[in-house]
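My structure is below; once you've seen it, I'll send some questions.
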């Protein structure tokens, strides 16, 4: 089980406001290009894709590659529509899958 | 009066190499603004992921049936100030133990489980959680007379030339502190923020791992993590940095 944190910008969000979302996850992002002291290749182990769904709609997605550092922190924005769940999903090599959910509250 | 001055000169320890207290700088103060910003923001600091993992381990009872950390100690907040005073003298071992060693002894004796391996994620996570409770407190190594021998050995290691490059810690971290070594600034080597996330490692690691780096750097065979020599050296470094503010779990380039 991976350790991940998600953060929704604090404050009173109104409909139409731009809201910053951040997500960080503990992951080695092993590139697959390194070798052990004995010369054996260390198998690649990276997160391949990150998606974010807000109120059932995909609002952000990106592919990740070996050049991305360990414990990737991803920050992006979305437009507040109505109060609803925000689901952050990471998928990667070796069947890696992790999801976190938070709630974006929108004032009327 | 002259006799008094002479007496004072004899009594005061002559420590010409030491950095004057006003000139001591932690690694935080000598690193770049971007890395400082990363450390200041607990969300962006990857070492806080270790702390989160540590929180889960703290309250989890071992499968073997022993107590959890929580059931003996209470919440992690009870560990305030603990990390600032390690290494400490452990009566039953009759030797100095570092914080990781203390956690491992607890696991073995109180929890009845196999102690977590040195440098394992689980041990670093617990260490990071305990160290976080001392953030903002001054390093306060104990003035325990039973540690004097270990402290003297640590100081001797600090000033002894090592490896093919034939350098002692003191040559870089005291005499050439603040100067450039291949594009990086030589830090003063104060262990205020361990365990910490080092970008070069792309991982959270211990002070012993960092010392291992330095030893490999001067082409010496490093002591294994947790070795008595490592603990002696750690004890000396903590005394050398006594009173400096802890910033664990830190970020370093």
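The values are calculated or read from the model by the stated rules, or taken from the named source; none is laboratory data. Quantities reported herein were computed from a predicted structural model and do not represent experimental measurements. No Cβ is skipped: glycine too gets one built from the backbone with ideal geometry, and neighbour counts run over all protein chains shown.
Take residue A:98 and tell me if it is surrounded by 13 or more Cβ atoms within 10 Å (Cβ to Cβ) and either farther than 27 Å from residue B:201 by Cα or within 14 Å of chain B (Cβ to nearest Cβ) (or both). First the steps, then the outcome.
Values: surrounded by 13 or more Cβ atoms within 10 Å (Cβ to Cβ): yes; either farther than 27 Å from residue B:201 by Cα or within 14 Å of chain B (Cβ to nearest Cβ) (or both): yes.
So residue A:98 fits the description; yes.
Determine which single condition residue A:39 fails, assuming it passes every other condition in (1) at positive phi; (2) in contact with a strand residue (DSSP E or B) (Cβ under 9 Å, 6 or more places away or on another chain).
That leaves (2) as the condition not met.
Further question: Scan region B:16-28 and give yes if some residue there is assigned to a helix (DSSP H, G or I), closer than 19 Å to residue B:199 by Cβ and either away from chain A (no Cβ under 12 Å) or at pLDDT 85 or above (or both), otherwise no.
Residues of region B:16-28 that are assigned to a helix (DSSP H, G or I), as a first pass: B:21-23, B:27-28.
From what is left, the residues that are closer than 19 Å to residue B:199 by Cβ are B:27-28.
Imposing the further condition that a residue be either away from chain A (no Cβ under 12 Å) or at pLDDT 85 or above (or both) reduces the set to B:27-28.
Yes, the conditions are met somewhere in region B:16-28.
So which residues in region A:57-75 are in contact (Cβ under 8 Å) with a residue 12 or more places away in the chain and more than 14 Å from every other protein chain (Cβ to nearest Cβ), if there are any at all? Can you show your working first?
Initially, region A:57-75 is screened for residues in contact (Cβ under 8 Å) with a residue 12 or more places away in the chain, giving A:59-75.
Scanning region A:57-75 gives A:59, A:60, A:61, A:62, A:63, A:64, A:65.
Take region A:5-29 and flag every residue that is at the interface with chain B (Cβ under 9 Å from one of its Cβ atoms) and either assigned to a loop (DSSP other than H, G, I, E, B) or more than 17 Å from residue A:88 (Cα to Cα) (or both).
Step one: of region A:5-29, the residues at the interface with chain B (Cβ under 9 Å from one of its Cβ atoms) are A:5, A:7, A:22, A:24-26, A:28-29.
A:26, A:28, A:29 - these are the residues of region A:5-29 that are at the interface with chain B (Cβ under 9 Å from one of its Cβ atoms) and either assigned to a loop (DSSP other than H, G, I, E, B) or more than 17 Å from residue A:88 (Cα to Cα) (or both).
Now a separate question. For region B:37-54, what are the residues that are outside any loop (DSSP other than H, G, I, E, B) and either at the interface with chain A (Cβ under 8 Å from one of its Cβ atoms) or in contact with a strand residue (DSSP E or B) (Cβ under 8 Å, 6 or more places away or on another chain) (or both)? I'd like the intermediate steps shown before the answer.
Here is the first cut: in region B:37-54, the residues outside any loop (DSSP other than H, G, I, E, B) are B:37-40, B:47-54.
Once the filter is applied, which keeps residues that are outside any loop (DSSP other than H, G, I, E, B) and either at the interface with chain A (Cβ under 8 Å from one of its Cβ atoms) or in contact with a strand residue (DSSP E or B) (Cβ under 8 Å, 6 or more places away or on another chain) (or both), region B:37-54 yields B:38, B:39, B:47, B:48, B:49, B:50, B:52, B:53.
For the list (1) touching a helix residue (DSSP H, G or I) at 6+ places or on another chain (Cβ under 7 Å); (2) more than 28 Å from residue A:69 (Cα to Cα); (3) at pLDDT below 95, I need the number of the one condition that residue B:248 fails.
(2)
Within region A:69-80, take every residue that is buried (at least 16 other Cβ atoms within 10 Å of the Cβ) and assigned to a loop (DSSP other than H, G, I, E, B) and give me the one that is nearest to the chain's Cα centre (by Cα).
If we filter region A:69-80 for residues that are buried (at least 16 other Cβ atoms within 10 Å of the Cβ), which is where we start, we get A:70-74, A:78, A:80.
Narrowing further to those that are assigned to a loop (DSSP other than H, G, I, E, B): A:70-72, A:80.
Working: A:70: 13, A:71: 10, A:72: 8, A:80: 19 Å.
Among residues in region A:69-80 that are buried (at least 16 other Cβ atoms within 10 Å of the Cβ) and assigned to a loop (DSSP other than H, G, I, E, B), the one nearest to the chain's Cα centre (by Cα) is A:72.
Quick one: count up the residues across region B:132-153 that are in contact (Cβ under 8 Å) with a residue 24 or more places away in the chain, out of contact with any strand residue (DSSP E or B) (no Cβ under 9 Å at 6 or more places or on another chain) and not in a loop (DSSP other than H, G, I, E, B).
Of the residues in that region, 2 qualify.
Now for a separate question. How many of the residues in region B:227-253 are under 21 Å from residue B:162 (Cα atoms) and within 13 Å of the chain's Cα centre (by Cα)? Quick ask: steps written out before the conclusion?
Going residue by residue through region B:227-253, those that are under 21 Å from residue B:162 (Cα atoms) are B:227-238, B:240.
Cutting the leftovers down to within 13 Å of the chain's Cα centre (by Cα) gives us B:230-238, B:240.
Residues in region B:227-253 being under 21 Å from residue B:162 (Cα atoms) and within 13 Å of the chain's Cα centre (by Cα): 10 in total.
Next up: Taking the criterion of being surrounded by 12 or more Cβ atoms within 10 Å (Cβ to Cβ), in contact (Cβ under 8 Å) with a residue 40 or more places away in the chain, closer than 21 Å to residue B:52 by Cα and within 14 Å of chain B (Cβ to nearest Cβ), would at least one residue in region A:81-90 satisfy it?
Checking region A:81-90: at least one residue is surrounded by 12 or more Cβ atoms within 10 Å (Cβ to Cβ), in contact (Cβ under 8 Å) with a residue 40 or more places away in the chain, closer than 21 Å to residue B:52 by Cα and within 14 Å of chain B (Cβ to nearest Cβ).
Need the failing condition index for residue B:181 against (1) out of contact with any helix residue (DSSP H, G or I) (no Cβ under 8 Å at 6 or more places or on another chain); (2) surrounded by fewer than 13 Cβ atoms within 10 Å (Cβ to Cβ), just the number.
Of (1) out of contact with any helix residue (DSSP H, G or I) (no Cβ under 8 Å at 6 or more places or on another chain); (2) surrounded by fewer than 13 Cβ atoms within 10 Å (Cβ to Cβ), only one is false for residue B:181: (1).
Within region A:49-67, which residues are under 21 Å from residue B:203 (Cβ atoms) and surrounded by fewer than 17 Cβ atoms within 10 Å (Cβ to Cβ)? Steps first, answer last, please.
Residues of region A:49-67 under 21 Å from residue B:203 (Cβ atoms): A:50, A:64-67.
Matches in region A:49-67: A:65, A:66, A:67.
Still on this model: Condition first: farther than 30 Å from residue B:52 by Cβ and within 15 Å of the chain's Cα centre (by Cα). Can you find one or more residues in region B:203-226 that meet it?
No, region B:203-226 has no match at all.
So, one more: Exactly one of (1) within 14 Å of another protein chain (Cβ to nearest Cβ); (2) at pLDDT 95 or above is unmet by residue A:41. Its number?
Residue A:41 satisfies all of (1) within 14 Å of another protein chain (Cβ to nearest Cβ); (2) at pLDDT 95 or above except (1).
Kindly indicate whether any position in region B:209-220 is touching a residue at least 12 places away in the same chain (Cβ under 8 Å), closer than 23 Å to residue A:27 by Cα, away from chain A (no Cβ under 13 Å) and part of a helix (DSSP H, G or I).
Within region B:209-220, one or more residues are touching a residue at least 12 places away in the same chain (Cβ under 8 Å), closer than 23 Å to residue A:27 by Cα, away from chain A (no Cβ under 13 Å) and part of a helix (DSSP H, G or I).
Please find, within region A:44-56, the residue that is nearest to the other protein chains (Cβ to nearest Cβ) out of those that are outside any strand (DSSP E or B) and touching a strand residue (DSSP E or B) at 6+ places or on another chain (Cβ under 7 Å). If you could, list the steps in order and put the result at the bottom.
Residues of region A:44-56 that are outside any strand (DSSP E or B), as a first pass: A:44, A:46, A:55-56.
Narrowing further to those that are touching a strand residue (DSSP E or B) at 6+ places or on another chain (Cβ under 7 Å): A:44, A:46, A:55.
Details: A:44: 14, A:46: 12, A:55: 23 Å.
For region A:44-56, the residue satisfying everything is A:46.
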